[in-house]
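Shown next, in structure tokens, is the structure this report addresses.
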Amino acid sequence: MRDTWPGLVTSLRRADAERYSTTLPQRRNAGRNNSVPRHNNNMSKHEGTERGAQSNSDNSEEKDWAAVKALFDNAKTAKKPRPPKPSNAVTIAVSSRTLFNMVKERKVFEEEGLERYVALQLELEDQPFNPGVSFPFVKALMNVNARLRELYPDSEELFDIVLMTNNHAQVGVRLINSINYYDLTIERFCMTGGESPIGYLKAYMTNLYLSKDSTKVQEAIEEGIAAATMFTCDSENELSDTQLRVAFDGDAVLFSDESEIIVKEHGLDTFFKHEKEFENKPLAQGPLKCFLEALGKLQRKFYAKNQRIDCPIRTYLVTARSAASAGARVLKTLRSWGLEVDEALFLAGAPKGPLLHKIRPHIFFDDQMFHIEGAQELGTIAAHVPYGIGQKYHKGKRIETSDAEEKMK
């Protein structure tokens, strides 16, 4: 069984990679534009041929995935649930260095070179890696999947976790052994042998990419993919085993940095005036908006079963904005998008760390490093979103480009 499934998926991946790359922007833009395209009566013969070919490709894919589903169903395995069809799933791509603690291995690579690093992984391939910073987040995703499968046994709308790494394929055995040791449901791998995996994110239909490499994260965001750099805490808070908790900053994370630019360049008074004047004009979307949208889609599946109170996904907006002076535009923007958060916390410039310590999220996204550092100090797992004007400032002071780059490492 374990040998059959990877072979099928590999063949499907090759056949559908180009189609996935083409359709991803449509998935990522879901909800941005609800207008219905007009039918073009003057469609050319070439266009008709292309659409016919696409339709045949779609039908072929449906048949292939139906065959895979039948294979899994006939095997009647309860140990490893069938992975969802990628076009229906919320795909979370995690790097090996976020999923597992590979600090010692990384040191060997940097000090002794690639050959020694690979040889060490072969020597230790029966010894599992220790859990890394994204490990609790992945476990929480799996818990949500378990709950969804109870309510919707045949649904493909689930989290699909992909290991995305530039490790050599020889290291794959130790990674596989570690995943099986911790009983993680991760069936799709991308091991690029030293090359950047960023080019594969669209092919894997990625909704969120988590890495320890800030350069790769920046590249992903530039490609329009939600991404963040994860940082290890010296001591981590005890987290919920039954509820996935995700906390977002607002400006330059869920929303664009248009309002933050005004704060940085013109001060708070001008910012308050601007937000009041444009209260009813929705903010442009930020790099993590689409991930909140994906979470909301899964939350609504629980609401449909009258499980809003017991929903295993909870979202938080944790923003430095003041509520009375600048909060309405944020909430109205979310409403205009058809999105909501479970809790909205307006801190009016107060430190975020203490409230995050109370929330205990599995992950907190922010665009400014001093908020990341404050969260880490109190044991919160934080992920930096390198986007917007905030990258040019630290603790309110403008920094030089070289210093800004250093802060992101």
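A few remarks follow.
- Each Lys and Arg adds +1 at its Cβ and each Asp and Glu adds -1 at its Cβ; summed about the Cα centre, the range 265-409 shows a dipole of about 560 debye.
- Set 80/139; 107/212; 281/352; 332/392; 85/202 screened for pairs whose C-alpha atoms are more than 18 Å apart: 281/352; 332/392
- In the range 74-164, Rg over Rh equals 1.10, where Rg is the alpha-carbon radius of gyration and Rh the Kirkwood radius from pairwise Cα distances.
- For the pair residue 107 and residue 323, the difference between a 0.36 nm per residue extended length and the Cα-Cα distance amounts to 73.2 nm.
- Unit charges on C-beta of K, R, D, E only; dipole of the range 230-334, Debye: 720 debye
- Volume per residue that the Cα convex hull of the range 193-291 spans, once the total is divided by residue count, Å³: 182 Å³
- Full extension of the segment from residue 130 to residue 265, taken as 0.36 nm per residue of separation minus the current Cα-Cα distance, would add 44.1 nm.
- Per-residue 3J(HN,Hα) values for the range 206-212, derived from phi via the Karplus relation 6.51 cos²θ - 1.76 cosθ + 1.60 with θ = phi - 60°, read 6, 9, 8, 10, 10, 8, 9 Hz in sequence order (x marks Gly and Pro).
- Additional length obtainable on full extension of the chain from residue 151 to residue 115, 0.36 nm per residue less Cα span: 8.1 nm
- For residue 239, distant residues with modelled amide H under 5 Å away: none
- Overall, the range 84-172 carries a charge dipole of about 280 debye about its Cα centre when +1 sits on the Cβ of Lys and Arg and -1 on the Cβ of Asp and Glu, all other atoms neutral.
Taken together, the values in this text are just the output of simple stated rules run on the coordinates, not laboratory data. If you're wondering where the values come from, they're calculated on a predicted model, not measured in any experiment. Glycine also receives a Cβ, built like all others from the backbone with ideal geometry; neighbour counts cover every protein chain displayed.
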